[in-house]
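A quick write-up on the structure given underneath.
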Amino acid sequence: MKSRLPRLSEERPKRCTLTTMRVRSAVRRQPLLFSPLALLLSLPLALAGCRGAGGSAPGEEISNEKPAAAAQATPSAAKQGSPGLAVGRSGAVASAEANASEIGVEVLQRGGNAIDAAVAVGFALAVTHPSAGNLGGGGFMVLRTADGTTAAIDYRERAPKASHRDMYLDAKGEVTRESLDGAKAAGIPGTVAGLALAHERYGSLPWGDLVAPAIRLAKEGHRLDSFHTEDLESAVSRMEKLGFTASADHYRKADKTLYAEGDLWIQPELGASLELVAADPRAFYAGPLAERLVSGVRAQGGIWTMDDLADYRAIIRDPILFDYRGHQVITMPPPSAGGVVIRQLLAASEELEIGKYPWHSVDEVHLYIEAARRTYADRNLLLGDPDFVEIPMERLLSASYMKDRLADVNIAKATPSSEVGVGIPAPAESMETTHFSIVDSAGNAVSNTYTLNTSFGSKAVVEGTGILLNNEMDDFAVKPGTANTYGLVQGETNRIEPGKRMLSSMTPTIITKDGALRAVVGSPGGSTITTTVTQIVRALIDYGQPLELAVQAPRLHHQWLPDRILAEAGAGEELFQALRDRGHEIAVLGTGDWHWRTIGHANCIEVDPTSGELRAVADVARDGGKAAAY
């Protein structure tokens, strides 16, 4: 059956472009409303047609002033046939879990397009990658069709209507754990609405057929790999410590023993919820399933109402588009901060001519960190939900603004973050996000990042549904001026307000050159997401690295406050000491009290600039997953 709703392809979205440095703020367009009336009318939506804290057209040479001066420790390339690399010409998928990637390719082989595959992968990950894949969370999707049409789908969670600015403060005004643990931490989920909107506008296969593989995985089970066995064990431990025994039971055997690698994991309650969503995605937002969600959340101390669910809208916003060294970057606008930050970092790279220094040399890394320090000051204090706050987008995205911001950068010395404020006066995410990339034979591309926030979100499962709740409310400035779980110190623009979408670091991104697809990039990693994506984009464009090396390379991160560089150990002690000599503080992951060992989990695809082949790369060394192509 065809939907009565208009297709997005008939209403080409306006673009937020930086080609001439005339930038418009992203605006709300084409909301998809889930209402009880719509459910009663049974209007179908079928259509014909991160863990860790992270071009050129085919046949054309990548611009590079000083090609690929090697880093001290260059990673070895993944080999074709390994889980981390797959090469094909007709379609490719890279995701955090093998079953999900294989399902995506199967959809493409059946004649589905990249958006169809994205819907199927998104639901499959809700079953097989429960630390971040979800029905009870939200995210962002950037897509580009073969004819060059672009769209940015915002399905970020919203604050319940009963929310208020100080809801997570105790009597002394101190922040409690309620923004992280339990049902009160959950924003109104957007995943089902977002995937439905993408399918409604651009899908081709029947909606129910795309949810069916996830139903099969949930009801018939799937075999656990070592990464996900460890995830379940960790989730059970944390849920038990919080007293959430009923939630913990969803992630262990009936006799309360833990699953082992190779065990079959069956989730009948989640399968039943997925069956309702397969029949009509509005079932998540009105009707019996929605009623169970609201009553279950409230029974666990949450504040959802039926109106909260019924009023949820996924939104098509104007993507941010800008040029970088002969390439066009298509990325996400607010309430994702990612697009603004990657624009500023790449503008800084051009202004400081960072690409002329050898890859991973002390000069290159030092200048990149200095740019990130200034960019994150703006990110934390100026950005928020554009439906609630005025954002000086044109100024923030302009090259002249970044030139001014970088005027005091000293190549020989780090600038203390205490001396760096926002460039424009301010108005009076664990790392368990997940990202997948998809390209089909026609050249349609999807870059999708979605999340529960921290690993296993709020640690609360709604009884009788198998649906795990997010804890995205902590991504608001719970107490403006204090740090959230990722150490981000944010301002009043991201304070809690009813119906507001919390600021995010998610940075789904697509790169083109001369009108042809070059790469699809993204990563999980909380506040490190955008720096991970930027480092991969720069490796591809500035240094001409193949995608597998760009993904595998050691990563570093700085976010203004706290004033330190987070670094993967593989970057090497020689580099660390050289940075210390310039005044930087280094926190090497996996040492001392750091339980993180890696930054990001980037699952990406490139169009090989010489052969035209699709090269899918899963970041398996950091957290498993699989690349699949044909």
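The values are calculated or read from the model by the stated rules, or taken from the named source; none is laboratory data. Computed from a predicted structure; not experimentally measured. Quick reminder, even Gly has a Cβ in these numbers, built from the backbone with ideal geometry, and neighbours come from all protein chains shown. Calculation scope for accessible area: heavy atoms of the full protein, side chains included, ligands and nucleic acids excluded. Shrake-Rupley method; radii C 1.70, N 1.55, O 1.52, S 1.80 Å.
Any idea how many residues of region 441-477 are open to solvent by less than 10 Å² (accessible area, probe 1.4 Å), closer than 30 Å to Gly612 by Cβ and not hydroxyl-bearing (Ser, Thr, Tyr)?
Residues meeting the conditions: 3.
Suppose we filter Thr415, Thr434 for residues that are polar (S, T, N, Q), over 30 Å from Glu606 (Cα atoms) and touching a helix residue (DSSP H, G or I) at 6+ places or on another chain (Cβ under 7 Å); which single one remains? Let's see the steps before the verdict.
Numbers: Thr434 fails: over 30 Å from Glu606 (Cα atoms).
Only one candidate qualifies: Thr415.
Could you list, in sequence order, all residues of region 581-613 that are within 22 Å of the chain's Cα centre (by Cα) and over 14 Å from Ile536 (Cα atoms)?
Keep residues of region 581-613 that are within 22 Å of the chain's Cα centre (by Cα), which gives 589, 595-607.
Residues satisfying the conditions are Leu589, His595, Trp596, Arg597, Thr598, Val607.
So Ala78 fits all but one of (1) surrounded by 24 or more Cβ atoms within 10 Å (Cβ to Cβ); (2) touching a strand residue (DSSP E or B) at 6+ places or on another chain (Cβ under 7 Å); (3) modelled with pLDDT of 80 or more; what number is the exception?
Every condition holds for Ala78 apart from (3).
How about region 502-516: which of its residues are more than 22 Å from Gly600 (Cβ to Cβ) and either under 12 Å from the mean Cα position of the chain (by Cα) or open to solvent by 10 Å² or more (accessible area, probe 1.4 Å) (or both)?
The answer is Lys513, Asp514, Gly515, Ala516.
Go through region 111-167 and report how many residues are of a type in the set (Asp, Glu), in contact with a strand residue (DSSP E or B) (Cβ under 9 Å, 6 or more places away or on another chain) and open to solvent by 10 Å² or more (accessible area, probe 1.4 Å).
Qualifying residue count for the region: 0.
Give the residue that is surrounded by the most Cβ atoms within 10 Å (Cβ to Cβ), with candidates limited to residues of region 311-364 that are closer than 29 Å to Asp385 by Cα and polar (S, T, N, Q).
Per the stated criteria, the residue is Thr331.
Looking at Gly612, is it modelled with pLDDT under 95, more than 22 Å from Ser523 (Cα to Cα), open to solvent by less than 30 Å² (accessible area, probe 1.4 Å) and assigned to a loop (DSSP other than H, G, I, E, B)?
Criteria met by Gly612.
Take the residues in region 381-395 that are in a helix (DSSP H, G or I) and crowded, with 24+ Cβ neighbours inside 10 Å; name whichever of them is modelled with the lowest pLDDT. Outline the logic, then answer.
Residues of region 381-395 that are in a helix (DSSP H, G or I), as a first pass: 381-382, 393-395.
Of the ones still in play, those that are also crowded, with 24+ Cβ neighbours inside 10 Å are 381-382.
Values: Leu381: 79, Leu382: 85.
Restricting to residues being in a helix (DSSP H, G or I) and crowded, with 24+ Cβ neighbours inside 10 Å, the top hit is Leu381.
If a residue must be within 27 Å of Gly612 (Cα to Cα), open to solvent by less than 10 Å² (accessible area, probe 1.4 Å) and part of a helix (DSSP H, G or I), how many such residues does region 549-578 contain?
Here the count works out to 2.
Identify, from the list Ile586, Ile541, the residue that is among the β-branched types (Val, Ile, Thr) and open to solvent by less than 20 Å² (accessible area, probe 1.4 Å). Can you show your working first?
On the way: Ile586 fails: open to solvent by less than 20 Å² (accessible area, probe 1.4 Å).
After applying the criteria, what remains is Ile541.
Wholly within region 260-354, which helices (runs of 4 or more DSSP H) include no fewer than the required count, namely at least 1 residues that are under 24 Å from the mean Cα position of the chain (by Cα)? Before you say what the answer is, go through the steps one by one.
Values: elements: 268-279, 288-299, 306-310, 338-351.
Output list reads 268-279, 306-310, 338-351.
Can you run down the residue pairs with Cβ atoms below 9 Å, 6 or more apart or on separate chains, where the first is in region 416-428 and over 16 Å from Leu383 (Cβ atoms) and among the charged types (D, E, K, R) and the partner is at pLDDT 75 or above and open to solvent by less than 100 Å² (accessible area, probe 1.4 Å)?
Glu419/Asp408
Collect the residues in region 207-243 that are open to solvent by 50 Å² or more (accessible area, probe 1.4 Å) and either in a helix (DSSP H, G or I) or touching a Lys or Arg at 6+ places or on another chain (Cβ under 7 Å) (or both), keeping them in residue-number order.
Asp209, Arg216, Lys219, Glu220, Phe227, Glu230, Glu233, Ser237, Arg238, Glu240, Lys241, Leu242
For region 124-167, give me each residue that is of a type in the set (D, E, K, R) and part of a strand (DSSP E or B).
Of region 124-167, the ones of a type in the set (D, E, K, R) are 144, 147, 154, 156-158, 161, 165-166.
Correct list: Arg144, Asp154, Arg158.
Please go through region 168-181 and give me each residue that is open to solvent by 10 Å² or more (accessible area, probe 1.4 Å) and part of a loop (DSSP other than H, G, I, E, B), ordered by number. It would help to see each step written out before you state the result.
As a first pass, look at region 168-181 and keep what is open to solvent by 10 Å² or more (accessible area, probe 1.4 Å): 169-178, 180-181.
Across region 168-181, the qualifying residues are Asp170, Ala171, Lys172, Gly173, Glu174, Thr176, Leu180, Asp181.
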